[in-house]
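Read through the structure below, which is laid out as structure tokens, and then see the notes.
The values are calculated or read from the model by the stated rules, or taken from the named source; none is laboratory data. Remember, it's a predicted structure, so these values are computed and weren't measured experimentally. Please note: Cβ atoms are built from the backbone with ideal geometry, for glycine as well, and neighbour counts cover all protein chains shown.
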Amino acid sequence: MSSTTCPQLNEDRSPAAFTAVPARGAVRAAVLVLHPWWGLTDAILDRCRDLAREGFLAVAPDLFGGEVADTPDEAQRLRRTRRGVPAWRHMVAVLKDARAAHPAGARVGVLGYSMGGHWAMWLASQARPEVPPIDAVVVYYATRACDFHASRAVFQIHLAETDAFVSASAVAAQERALRSAGRPYELHRYPATGHWFAEHDRPDAYRPAAAALAWGRTVGFFGQHLLLA
């Protein structure tokens, strides 16, 4: 059921996805927000709300059917659980439905955190007719060296200084893949941070100053590449 949480946005939570949209004015672009292996956490919901306040339609597919993990073991179990619909088809379907309900122009961005970042890179590389063209991609602490020759996206990548989940070789491979396809990208590293540094509900890892800097860059990047006159 839809509910208005503040004068600036409306939001809706269903078993399939969370959607946030500006309460007033035209929505000029859509952003698909892809959660980490913890599931659709409060931190991801808050980022959707932040995007809506900036004028975007933000839609976050719930890939785990409402379950949220508290431990890495639980997260691994959720990530490995087989679903009736492939994850990428679920993502594409909820984006299509949200854009039909809230017309948001032709341009699409994807924002992915960790596991969601892997999916964001994959979606941007696809030439499948079911996957809408992706214009801008932002990923946090994630790498995936796809073949990006079919992509039209520009990329922004946020990495921690120390990250057991993201190796130097994986970063280098991703950069080579982007350069090989001629895709523009920018990469930012954040001193004294580790994996999850941008998620406020991971208190052991959360670094507010780095998270704020990264978020400012994210909003600016989406504004530059999605909110075109």
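Here ALA192 meets the list (1) on the phi < 0 side of the Ramachandran plot; (2) modelled with pLDDT of 95 or more; (3) surrounded by fewer than 21 Cβ atoms within 10 Å (Cβ to Cβ) almost entirely, failing just condition (1).
Listed here are the residues, each with its yes/no results for (1) farther than 26 Å from SER167 by Cβ; (2) touching a Pro at 6+ places or on another chain (Cβ under 7 Å); (3) exposed (fewer than 15 other Cβ atoms within 10 Å of the Cβ); (4) modelled with pLDDT of 95 or more.
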{"residue": "CYS48", "(1), (2), (3), (4)": "yes, no, no, yes"}
{"residue": "ALA58", "(1), (2), (3), (4)": "yes, no, no, yes"}
{"residue": "ALA69", "(1), (2), (3), (4)": "no, no, no, no"}
{"residue": "ALA75", "(1), (2), (3), (4)": "no, no, no, no"}
{"residue": "ALA127", "(1), (2), (3), (4)": "yes, no, yes, no"}
{"residue": "TYR141", "(1), (2), (3), (4)": "no, no, no, yes"}
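The criterion of at least 2 residues that are of a type outside the set (A, V, I, L, M) is met by the following strands (runs of 3 or more DSSP E) wholly inside segment 131-229: 154-160, 185-190.
For beta carbons closer than 9 Å, sequence separation of 6+ or different chains, a first residue in segment 170-187 that is farther than 20 Å from PHE222 by Cα and a second that is acidic (Asp, Glu), the qualifying pairs are ALA177/ASP147; SER180/ASP147; ALA181/ASP147. For segment 123-145, the count of residues that are farther than 30 Å from PRO15 by Cβ, free of Cβ contacts under 8 Å to residues at least 60 places away in the same chain and not small (Gly, Ala, Ser) is nonzero. Within segment 71-106, if we keep just the residues that are assigned to a loop (DSSP other than H, G, I, E, B), of a type outside the set (S, T, N, Q) and in contact (Cβ under 8 Å) with a residue 12 or more places away in the chain, the residue that is nearest to TRP38 (Cα to Cα) turns out to be ARG83.
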